[in-house]
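Trainee: Below is the structure I would like to discuss, written out as structure tokens.
Derivation of every value follows stated rules applied to the coordinates shown; laboratory data play no part. Owing to the predicted nature of the structure, the values given are computational and were not obtained by experimental measurement. All Cβ positions, even for glycine, are placed from backbone atoms using ideal geometry, and neighbour counts span all protein chains on display.
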Amino acid sequence: MIKVLFLSPLYPNRYDAMLGLFVRKHAEAVSRYCQVKVLYMQPDKNIKKIEITSEKRAELTEVIVYYPIIEGGILPKLSKLITYLKAYHIGYREISKDGFKPDIIHANILTRSAFIAFVEKTFKKTPFVITEHWSRYLPQKNAFNGNADKWFTRKIVKSASAVMPVSEILKQGMLSNKLDNNNYIVINNVVDDYFHEEKTAVISSKKRILHISCFDEQAKNLSGILRAVEKLSKSRNDFELIIIGTGVDFEMIHDYSKTLNIPKGTIQFLGEKTPQEVAGWFRNSDIFVLFSNYETAGVVIAESLVSGVPVISTKVGIASEVIDNHCGKVIQIGDEDELTEAMNYMLENLEKYNRDAIKETYRNMFSYNVIGKKIADVYQEVLNI
């Protein structure tokens, strides 16, 4: 069985159970086919010395190294890097206690974790692959800056045995930034199995539009959704908009909604919900709307389709790859009139969207088994086994 070391700068930990959850899901998926150990280093201002936790999640082993933050110094960036690398070496000794030696390293999210993988390849000849989720390469974000960072990241990407962005849009964004590699393979995020469950009792007499967001207005354009709903409410009153999530712009968006001429009871802000609760809201909604300015993937699109709910989305993330006329509409970024028209059309024609057929089409595309097998196949190709 192939032995895999997962590295990531983001991962669920004792301070944030949601941080980098998409990385854990990939690791869990791969652990169905390979022996996988995750090593994650987390800076911690609350401790004075390094602490290590180790947890077994089914077939997946997670080792987290919490290390104290060093402030100040003549070269603070260099000090932080040295401390980070020290934490890595301590963690590596921990995962190696049972004789574990990785055949391949899977680095997630450039550049820090891939730097370690690059060093391991240089000195130990251990090949590495990269999965990327970061939106900084997208033209709408345009955040891949700094000559030194660009040069070093390009060098690392070129040295990888495979690069696996989570969408075609992200792949093209990386290539446009000259992150060249001869083996790009788009592999989607994972959707949890509980999104496959059957629809429960409807708890509203109105047709329901759902939006789930991290309330980052620059990315998600929630104000555009609200203005489109205001316009739609002038021609029909048989729907409601449910907004789930929280984030830096929550209060601003909530307050902005009160300034619009939207009938009372048309919008509900429900705040943060557990993933299982989110799945329940998908099952009891008629349409899902994503009006983002940019997304690397848009896992909520996948969650909606797996739940059998048709999607209206701007041309971001995986939208153009997976949405067709049978399961939704893809619209132009920022076009509020087109969003209004799309919501009105779908509310008027819900019977044209067969929920069971949508679920059947997409239930396996984002499953643990399918995604895990795709990644494991990449390892086999790299290792030539």
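Trainee: Where both residues lie in the chain, what percent of DSSP beta bridges are antiparallel, nearest 5? Write out the running numbers ahead of the final one.
Mentor: Working: 7 of 53 bridges.
Restricted to the chain, the bridges split so that about 15 percent are antiparallel.
Trainee: What would the Debye formula give as log10 I(q)/I(0) at q = 0.09, 0.10, 0.20, 0.21 Å⁻¹ for the alpha-carbon point model of segment 53-202, no solvent?
Mentor: These q points yield log10 I(q)/I(0) values of -0.38, -0.47, -1.33, -1.36.
Trainee: Also, quick follow-up: Leaving out same-chain residues fewer than 8 places away, which aspartates and glutamates sit with a Cα under 13 Å from that of Lys121?
Mentor: Asp103
Trainee: Which pairs break 30 Å Cα to Cα here: Lys25/Lys101; Lys101/Lys158; Lys48/Lys125?
Mentor: Details: Lys25/Lys101 22 Å; Lys101/Lys158 24 Å; Lys48/Lys125 35 Å.
From Lys25/Lys101; Lys101/Lys158; Lys48/Lys125, over 30 Å: Lys48/Lys125.
Trainee: Further question on the same structure: Roughly what angle does helix 21-30 make with the longest principal axis of the chain, taking Cα atoms, 0 to 90 degrees, to the nearest 10?
Mentor: The two axes meet at around 70 degrees.
Trainee: For the residue pair Lys97 and Ser79, what label-to-label distance in nm results when each label sits 7 Å from Cα along the Cα-to-beta-carbon direction?
Mentor: Between Lys97 and Ser79, the label points sit 3.1 nm apart.
Trainee: In what order do Tyr11, Tyr184, Tyr194 fall by count of nearby beta-carbon atoms within 10 Å, going from fewest to most? Kindly include the intermediate steps, with their values, before the conclusion.
Mentor: Numbers: Tyr11 24, Tyr184 19, Tyr194 14.
Least crowded to most crowded, the residues run Tyr194, Tyr184, Tyr11.
Trainee: Can you pull the one-decimal nm distance between simple spin-label points at Arg236 and Ile69, each 7 Å off the Cα toward Cβ?
Mentor: 4.9 nm
Trainee: A follow-up question, please. Between Asp337, Asp249, Asp98, where does the largest GNM mean-square fluctuation fall for the chain, given springs only between Cα atoms within less than 10 Å?
Mentor: Of the options given, Asp98 has the highest mean-square fluctuation.
Trainee: In cubic angstrom, how much convex hull volume per residue do the alpha carbon atoms of segment 193-362 span?
Mentor: Spelled out: Cα convex hull of segment 193-362, divided by residues, is 104 Å³.
Trainee: Here's something else I'd like to know. With a cap of 16 neighbouring Cβ atoms within 10 Å, and only residues DSSP puts in a loop, list the trypsin sites (Lys or Arg not before Pro) found in segment 311-385.
Mentor: On the way: sites: Lys315, Lys329, Lys352, Arg355, Lys359, Arg363, Lys373, Lys374; in loops: Lys315, Arg363.
Answer in residue order: Lys315.
Trainee: For Lys206 and Asn364, what does the FRET efficiency come to when R0 = 45 Å and r is the distance between their Cβ atoms, rounded to the nearest 0.05? Don't jump to the answer; show the numbers that get you there.
Mentor: On the way: r = 32 Å, r/R0 = 0.72.
Calculated value: 0.90.
Trainee: Tell me, what does the Kirkwood hydrodynamic radius of the chain come to in angstroms if you use every pair of distinct C-alpha atoms?
Mentor: Details: mean 1/r = 0.0449 Å⁻¹.
It is 22.3 Å.
Trainee: Take the Cα coordinates of segment 1-46, assign each an equal point scatterer, and use the Debye formula without solvent to give log10 I(q)/I(0) at q = 0.18, 0.20, 0.21, 0.26 Å⁻¹.
Mentor: -0.54, -0.64, -0.69, -0.94
Trainee: List the chymotrypsin sites (Phe, Trp or Tyr not before Pro) within segment 1-68 that fall in a DSSP loop (any state other than H, G, I, E or B) and whose Cβ has at most 13 other Cβ atoms within 10 Å.
Mentor: Values: sites: Phe6, Tyr15, Phe22, Tyr33, Tyr40, Tyr66; in loops: Tyr15, Tyr33.
Taking segment 1-68 and a limit of 13 other Cβ atoms within 10 Å, the loop chymotrypsin sites (Phe, Trp or Tyr not before Pro) found are Tyr15.
Trainee: Would you look at the GNM of the chain, springs on alpha carbons closer than 10 Å, and say which of Thr296, Thr314, Thr259 moves the most?
Mentor: Evaluated over the chain, the most mobile residue of the options is Thr259.
Trainee: Report the residue, chosen from Ser54, Ser213, Ser159, that carries the largest GNM mean-square fluctuation when the chain is represented by alpha-carbon nodes joined by springs under 10 Å.
Mentor: In this elastic network of the chain, the residue with the biggest mean-square fluctuation among Ser54, Ser213, Ser159 is Ser54.
Trainee: Using unit Cβ charges (K, R positive; D, E negative) and no other charged atoms, how large, in debye to the nearest 20, is the dipole of segment 188-292 about its Cα centre? List each step's numbers first, then the result.
Mentor: Working: 13 positive and 15 negative charges, 131 e Å.
For segment 188-292, the charge dipole is close to 640 debye.
Trainee: Moving on to the next point. Please return the longest range in the chain lying between exposed loop sites, taking GluC sites (Glu not before Pro), DSSP loop only, at most 16 other beta-carbon atoms within 10 Å, and leaving the sites out.
Mentor: Longest site-free region, per DSSP loop and neighbour criteria: 72-196.
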